[in-house]
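S.K.: Got a structure here, written out as structure tokens. Questions coming.
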Amino acid sequence: AAAAADDCSSRRGGKVVGGGGGVRCWLDMRAATVVAVNALAPHARAVRFRPCIDIHDGKVKQIVGSTLKDARPGDAGSETPATNFETETPSSAFAEMYKRDGIYGGHAILLSKDEATLRAAKEAVRAFPGGLQVGGGVNPTNASELLDAGASHVIVTSYVFRDGALNEDALSEMIRAVGADKLVLDLSCRLDDADGRYKVVTDRWQKWTDLAVDGSTMERLAKCCDEFLVHGVDVEGMKLGIDLKLVELLGEFCPIPVTYAGGARSLDDLELVKAAGRGMVDITVGSALDCFGGALKYDDVVAWHNQQKLEVK
């Protein structure tokens, strides 16, 4: 872990920001900022709605993530995941809607390994430059291509894990490729009944790892990225309500921006994330939104998002 930690500590934006005392000074300032923020009253920052554009076989869809299975690259049509919503409306139209409403920091996720899906993801970020993060099959080879197309960040999970464990060399390689300030680490997880801890799952959430999502993990990896994205895999795409225990964990221990995704279905759920996450956890809503075939009005969520900003002024 030390090698990756050193690399994370000394690189931002793909450039060395200082060595020795300079790096330590930067880390100390960041740590002091985290302590100060955590000491503030709950909701001292504006909790944000983070939108999504999930793309499978070139189309915008809402899928129950745990039903995704690996297919041969380029053969997404052979997959049969449980699908809540599918549309012919292009990904760029959703990106333009988020841009119109000033909703930054959402994510476009490639759910299949085919050219049509990659093309749709690029069309989305080109429509909203700097407004969307992109994830799904990201590695050091293709990350720059996505950033150049207009993504604000790239989201990475599976590439930095090998044989069920975090691979420090692969993580360092990602940081060298794009810089920690352009990197979002996806710590999507499930509750391990064997020990009662949340463990990261990778490869379309089919493979368990031994990495626990806890205070120690988040503190260490916060030096290696700009944000975390955490899907509550056990409830994701099911509109069954949020994983409250996971949100509480993120709110208590996460020292950098973090977005929770999974199960949100109402404005009450957004308020629950705000409270349980101590005002420190942003929230993604997908299948429940009316623009994705659900009952929750997108316009109401945008209004809620804007109200959060007013409340902390």
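The values are calculated or read from the model by the stated rules, or taken from the named source; none is laboratory data. What you are looking at is a predicted structure, and each value in this text was computed from that prediction instead of being measured. Note that we place each Cβ from the backbone using ideal geometry, even for glycine, and neighbour counts take in every protein chain shown. Remember, those area values only see protein heavy atoms, side chains included, never the ligands or the DNA or RNA. Shrake-Rupley method; radii C 1.70, N 1.55, O 1.52, S 1.80 Å.
S.K.: Any idea how many residues of segment 44-60 are of a type outside the set (Asp, Glu) and open to solvent by 20 Å² or more (accessible area, probe 1.4 Å)?
M.R.: Within segment 44-60, the subset of a type outside the set (Asp, Glu) is 44-53, 55-56, 58-60.
Pick out the ones that are also open to solvent by 20 Å² or more (accessible area, probe 1.4 Å) and you get 44-46, 48, 58-59.
Residues flagged as of a type outside the set (Asp, Glu) and open to solvent by 20 Å² or more (accessible area, probe 1.4 Å) within segment 44-60 amount to 6.
S.K.: Residues in segment 80-89: is at least one open to solvent by less than 30 Å² (accessible area, probe 1.4 Å) and assigned to a loop (DSSP other than H, G, I, E, B)?
M.R.: Narrowing segment 80-89 to residues open to solvent by less than 30 Å² (accessible area, probe 1.4 Å): 81, 87.
In the following step, the residues that additionally are assigned to a loop (DSSP other than H, G, I, E, B) were identified as 81.
Among the residues of segment 80-89, at least one is open to solvent by less than 30 Å² (accessible area, probe 1.4 Å) and assigned to a loop (DSSP other than H, G, I, E, B), which makes the answer yes.
S.K.: If you don't mind, there's one more thing I want to ask. Among the residues of segment 181-217, which ones are under 15 Å from residue 157 (Cα atoms), out of contact with any Ser or Thr (no Cβ under 9 Å at 6 or more places or on another chain) and small (Gly, Ala, Ser)?
M.R.: 212
S.K.: One residue is enough: does segment 215-231 have a residue meeting the conditions hydroxyl-bearing (Ser, Thr, Tyr) and in contact (Cβ under 8 Å) with a residue 40 or more places away in the chain?
M.R.: Step one: filter segment 215-231 for residues hydroxyl-bearing (Ser, Thr, Tyr), giving 216-217.
So of that shortlist, the ones also in contact (Cβ under 8 Å) with a residue 40 or more places away in the chain come out as none.
Checked segment 215-231: no residue is hydroxyl-bearing (Ser, Thr, Tyr) and in contact (Cβ under 8 Å) with a residue 40 or more places away in the chain.
S.K.: Now, a different point. Has segment 188-196 got any residue that is among the charged types (D, E, K, R), within 25 Å of residue 233 (Cβ to Cβ), touching a Leu at 6+ places or on another chain (Cβ under 7 Å) and buried (at least 18 other Cβ atoms within 10 Å of the Cβ)? Explain how you work it out, then say what you get.
M.R.: Quick first cut of segment 188-196, residues among the charged types (D, E, K, R) only: 190, 192-193, 195.
Right, trim to within 25 Å of residue 233 (Cβ to Cβ) and you get 190, 192-193, 195.
Now narrow it down to the ones that are touching a Leu at 6+ places or on another chain (Cβ under 7 Å): none.
Within segment 188-196, none of the residues are among the charged types (D, E, K, R), within 25 Å of residue 233 (Cβ to Cβ), touching a Leu at 6+ places or on another chain (Cβ under 7 Å) and buried (at least 18 other Cβ atoms within 10 Å of the Cβ).
S.K.: For segment 189-210: of the residues being over 17 Å from the mean Cα position of the chain (by Cα) and in contact (Cβ under 8 Å) with a residue 12 or more places away in the chain, which is nearest to residue 263 (Cα to Cα)?
M.R.: As a first pass, look at segment 189-210 and keep what is over 17 Å from the mean Cα position of the chain (by Cα): 191-197, 206-210.
Pick out the ones that are also in contact (Cβ under 8 Å) with a residue 12 or more places away in the chain and you get 191-192, 197, 206-210.
On the way: 191: 15, 192: 19, 197: 19, 206: 19, 207: 21, 208: 21, 209: 23, 210: 24 Å.
The selected residue is 191.
S.K.: Within segment 137-155, does at least one residue satisfy the condition of being within 23 Å of residue 198 (Cβ to Cβ) and of a type in the set (S, T, N, Q)?
M.R.: Scanning segment 137-155, I find no residue that is within 23 Å of residue 198 (Cβ to Cβ) and of a type in the set (S, T, N, Q), so the answer is no.
S.K.: Criterion first (crowded, with 20+ Cβ neighbours inside 10 Å, modelled with pLDDT of 95 or more and under 18 Å from residue 49 (Cα atoms)) does residue 95 satisfy it?
M.R.: Values: crowded, with 20+ Cβ neighbours inside 10 Å: yes; modelled with pLDDT of 95 or more: yes; under 18 Å from residue 49 (Cα atoms): yes.
Yes.
S.K.: Sticking with this one: Which of the residues that make up segment 181-196 are closer than 21 Å to residue 242 by Cβ, touching a helix residue (DSSP H, G or I) at 6+ places or on another chain (Cβ under 8 Å) and in a strand (DSSP E or B)?
M.R.: Once the filter is applied, which keeps residues that are closer than 21 Å to residue 242 by Cβ, touching a helix residue (DSSP H, G or I) at 6+ places or on another chain (Cβ under 8 Å) and in a strand (DSSP E or B), segment 181-196 yields 185, 189, 191.
Residue-by-condition table, conditions (1) of a type outside the set (A, V, I, L, M, F, W, C); (2) touching a strand residue (DSSP E or B) at 6+ places or on another chain (Cβ under 6 Å); (3) over 25 Å from residue 290 (Cβ atoms):
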position: 222; (1), (2), (3): no, no, yes
position: 225; (1), (2), (3): no, yes, yes
position: 251; (1), (2), (3): yes, yes, yes
position: 259; (1), (2), (3): yes, yes, no
position: 273; (1), (2), (3): no, yes, no
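S.K.: Additional query: Looking at segment 141-161 only, could you name the residues that are in a loop (DSSP other than H, G, I, E, B) and open to solvent by 30 Å² or more (accessible area, probe 1.4 Å)? Give the steps one after another, and end with the answer.
M.R.: Here is the first cut: in segment 141-161, the residues in a loop (DSSP other than H, G, I, E, B) are 141-142, 150-152, 157.
Once the filter is applied, which keeps residues that are in a loop (DSSP other than H, G, I, E, B) and open to solvent by 30 Å² or more (accessible area, probe 1.4 Å), segment 141-161 yields 141, 142.
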